[in-house]
Amino acid sequence: MGPVVRRTVAWVVTVVLLVEALGIGALNWFLGVVVERQKMSMAGLDPHLMSTSSKIGGVVFGLYFLLCALVALLVAVRDRAPAGFGRVVLISAAVVHGLLGAFAWGLVNATAFLVMVVVLALLVLLLVSYDRDGGPAEAAPGGDGGTGGDPRAADGPLDARTVPPGEPAAERPAEPQDGDDEPQDAVPERLTRPVPTTP
């Protein structure tokens, strides 16, 4: 994936998380105000306690999504993979959106579920689109100096003179010795006639 696409995904994730932070914070605050003004109660709970809890939840979730948006913004500006705490934050955001999508499917409707799935896909794409190591890839065996491969892994057996001296003797190719193909005697066998034993 090219750097332009990566940065575009990071910017999109930043905007989406900012919208979510403002939306969730405003929604919870509005619900808290409605509960307090209408004196609503559920299972005998104090309306003021319910209103305060809703407002606190909105602030906490809003700040959390703002933190996630800040991490995505830093990724977009620096064009580098998130590492350490930032990576953990983005992974947790992906998990939260997966859980929200599951709840939305059962409690809201399919549209809310699809929205959560799209945000989850964007977060996962942002996480996997960057190479964490940032270094060159390992040399593939069987290449040469121009292709980045290991020249020692070329096809065919290596000659004993090309093996580096630092390698153990067990890895050096065995040199053919006299008589390796088939056993041969140093002195050719002489045929002798049997001596007759009868006079």
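FYI, it's all coordinate maths here, none of it is from the lab. As the structure is a computational prediction, the values presented were derived from the model and not from experiment. As a convention, Cβ positions derive from the backbone with ideal geometry for all residues, glycine included, and neighbour counts pool all protein chains shown.
Estimate the FRET efficiency between residue 33 and residue 85 by the formula 1/(1 + (r/R0)^6), using the beta-carbon distance for r and 35 Å for R0, to the nearest 0.05. E between residue 33 and residue 85, to the nearest 0.05, is 0.55.
Give me the extension gain from residue 77 to residue 41: residue separation times 0.36 nm, minus the current Cα-Cα distance, reported in nm with one decimal. That works out to 8.3 nm of additional length. Label separation (residue 49 vs residue 95): 2.9 nm, computed from points 7 Å beyond Cα along the C-beta direction. Couplings 3J(HN,Hα) for the stretch 44-50, derived from phi with the Karplus relation 6.51 cos²θ - 1.76 cosθ + 1.60 (θ = phi - 60°), are x, 6, 5, x, 5, 5, 5 Hz, where x marks Gly and Pro.
What does the extension gain come out to for residue 60 and residue 19, with contour length at 0.36 nm per residue minus their alpha carbon separation? Each step should come with its number before you reach the end.
Values: separation 41, 0.36 × 41 = 14.76 nm, distance 1.50 nm.
Working it through step by step, the gained length comes to 13.3 nm.
Summing charges over neighbours of residue 86, with a neighbour being any other residue whose Cβ is under 11 Å away from its Cβ, gives +3 when K and R count +1 and D and E count -1. Each part reduced to its alpha carbon centroid, the stretch 19-41 and the stretch 52-130 end up 21 Å apart.
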